[in-house]
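The next block holds one structure in the form of structure tokens; read it before the comments.
Values in this text are rule-based calculations from the coordinates and carry no lab data. Being a predicted model, the structure only gives us computed values, none of them experimental. Don't worry about glycine lacking a Cβ; one is built from the backbone with ideal geometry, like all the others, and counts go over all protein chains shown.
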Amino acid sequence: MKFQVDQGKAENYACELLLLFSFDSSEEWEGSIRLIDTKWKGFLSNLMKQKDFKGELYECQLLYTQGALPAKRILLTGLGKREDFDLEKWRGASAKAGKFIRDSGIQKFAFPVKTFGVFPEDELAEAFVTGLLLGVYQFNELKTLDRDKIKEIEEGVLLGETPEDTKRIENGIKTGRIISESVCMARDLVNGPSNQVTPAILAQRAEKISKEHGMELQVLEVSQAEAMGMGAFVAVAKGSEEPAKFIILDHHKGKGFDTIALVGKGITFDSGGISLKPSEGMDRMKDDMSGAAAVLGIMEAAARLQLPLHLVGIIPATENLPSGKAYKPGDVLKTLSGQTVEVISTDAEGRLVLCDALSYSLRYQPKAILDLATLTGACVVALGDYVTGLMGKDEALIKRVEEASAKSGEKVWRLPLWDEYSDYLKSDTADFRNVGTRAAGAIIGGIFLSKFVEKIPWVHLDIAGPSNIEKEKPYTPRGGTGVGVRLVVQMLRDWVKGS
Ligand code: BES
Ligand code: ZN
Ligand code: ZN
């Protein structure tokens, strides 16, 4: 879908469809909607008076102007109460309008950005484009039947009134497009099945990104990882015939910018290994590389946004399968850190591949490490599928993530990593076990990882809940969500502004 910017007045603008937004009272109307109402002899305010359109959040009403205006149709979309309005609702309303337009088979629309003066034009345009592109996302590349029924919007024109407006709108569109395309790339990888999205394919995607943006790429084979001492990553990879890859993407190496390491769990299929999962719902475990997909999305977005940061993306990618060669409960593994781990469950494989990746990240001496991982079912039980579990001990870094969460609308909720929890990981034969009891499962995952980051500020994002959703949300269709990309990109943008 294309976005264009034009300068003009909505009431004089000829188009297939003019998109207008309204709070739940016409008293609140400003700018274009008020001028159009006047030109249309109070038609819109009459609708409100008669309660045919109430302006409730996400309500959509299509109108035919019958020559009263140069625009052929008007789509009114509700924003609800003005006092409850924020950018998150705005992204949702933009998505709802986009889906309504797409499903009506209308291919072009225009939207006057100055319909209400709550946010500056660039922020409004960015959130509009983000909400709309994320809302109309569909994953249908693997469907061969009825392809002619797939509907898509061709073009949206964002109208500004002055040259300054249009400049700000253009900037907003550009940023919104970069971020949402990066999220959609991550969604495609998550939605892709494990016979297509293999560790080698993740490495290929990393290569594409590295070539397009001049990043340095290293892809370690299992033999190299073994030679380096990554005993935990290698153990998980042993049960699979699909070659595992340890991927390192390095952006802005040697430029003197702050270094931030991003580590993403890249289990392209998690059967549980010898501690096999029940078969019901196992198909979902193709999404166990959502952290890896997010890291690729973040790297791509950061490069396109030209953020002055040295970013290192680290992705341990492998399948977790049972076989005659697979690692087993009771095995003791020597990790890259030198610490040893007793495997209690081969299904707690995420923390094993991640611990070596976290240790590896330390060689960059980063200012911060963030890991993103579909780590525990316990986090889904605790927080549901709306919220990412946020864990860490560095208050300043936690605060940065919480602030980015409020801005991006990607919800996070903190779980504690108190020292007492370490007792659950005591082992008779090794330094740690890889699981505790059933208690505090998400936290124990975080505690385990904390043993591998030394003193570097680090946060762990358990995205097991929001990475893949059953029921759509206003701008997030069912399936892989690309969660983490917008959150971390926002944090990185703020980091650049603040430093
Ligand atoms: N990939 C799973 C976690 C998961 C579960 C993600 C549900 C998304 C939805 C992870 O590898 C796993 O199996 N974790 C175990 C840990 C346990 C053995 C301590 C779990 O959650 O049961
Ligand atoms: Zn598992
Ligand atoms: Zn897993």
Taking a crude spin-label model, label points 7 Å out from Cα along the C-beta direction, the residue 454 to residue 41 distance in nm is 7.8 nm
With just the Cα atoms defining each centre, how far is the stretch 220-264 from the stretch 266-319? Give it in Å. 13 Å
Read phi for every residue in the stretch 306-321 and hand back ³J(HN,Hα) as whole Hz from Karplus 6.51 cos²θ - 1.76 cosθ + 1.60, θ = phi - 60°, with x for Gly and Pro. 6, 6, x, 9, 8, 10, 10, x, 10, 10, x, 10, 6, 8, 10, 10
Which of the peptides 325-336, 231-242 is most tightly packed, and how do the rest follow, judged by the mean count of other Cβ atoms within 10 Å per residue? 231-242, 325-336
On a 0 to 90° scale, report how tilted helix 395-408 is relative to the longest principal axis of the chain, with both axes built from alpha carbons and the result rounded to the nearest 10. 30 degrees
Amide H neighbours of residue 412 at under 5 Å, excluding residues fewer than 5 places away on the same chain, with H built from the backbone geometry, are 388
Could you point to the residue in 439, 466, 274 farthest towards the positive end of the chain's charge dipole, with +1 and -1 charges on the Cβ of Lys/Arg and Asp/Glu respectively? 466
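Taking the highest mean first, how do the peptides 127-139, 215-227, 28-40 order by number of other beta carbon atoms within 10 angstrom per residue?
On the way: 127-139: 24.6, 215-227: 16.2, 28-40: 18.8.
In decreasing order of mean packing, 127-139, 215-227, 28-40 become 127-139, 28-40, 215-227.
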Among 375, 355, 332, whose Cα lies farthest out toward the positive end of the dipole of the stretch 299-383, if unit charges sit on the beta carbon of Lys, Arg (+1) and Asp, Glu (-1)? 355
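Rg(Cα) of the stretch 353-437 divided by 2.2 N^0.38 Å? Mind showing how you got there, number by number?
Details: Rg = 14.7 Å, N = 85, 2.2 N^0.38 = 11.9 Å.
Dividing the Cα Rg of the stretch 353-437 by 2.2 N^0.38 Å gives 1.24.
Could you list the chymotrypsin sites (Phe, Trp or Tyr not before Pro) in the stretch 355-416 that lie in coil according to DSSP, counting only those with at most 14 other Cβ atoms within 10 Å of their Cβ?
Numbers: sites: 360, 364, 386, 413; in loops: 386.
Those that pass, being in a loop and sparsely packed, are 386.
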³J(HN,Hα) across the stretch 142-159 via Karplus (A = 6.51, B = -1.76, C = 1.60, θ = phi - 60°), whole Hz, x for Gly/Pro? 9, 8, 9, 8, 6, 5, 5, 8, 6, 9, 9, 7, 8, 8, x, 10, 9, 9
With only alpha-carbon atoms counted, please give the Rg and Dmax of the chain, in Å. 24.5, 82
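When only Cα pairs under 8 Å and 6 or more residues apart are kept, what is the percent relative contact order across the chain? Display every interim value, and only then the final one.
On the way: 1164 pairs, mean separation 72.9, N = 499.
The normalised contact order for the chain reaches 15 percent.
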Which whole-Hz ³J(HN,Hα) couplings does the stretch 79-94 yield from phi under the Karplus relation 6.51 cos²θ - 1.76 cosθ + 1.60, θ = phi - 60°, glycine and proline marked x? 10, x, 6, 4, 5, 8, 6, 8, 5, 5, 5, 5, 4, x, 5, 5
Whole-Å distance, taken between Cα centres, linking the stretch 79-118 and the stretch 422-491: 34 Å
If amide hydrogens are placed 1.01 Å from N in the peptide plane, which non-local residues have theirs closer than 5 Å to the one on residue 238? 327
Over every pair of different alpha-carbon atoms in the stretch 99-197, take the mean of 1/r and invert it; report that Kirkwood radius in Å. 15.1 Å
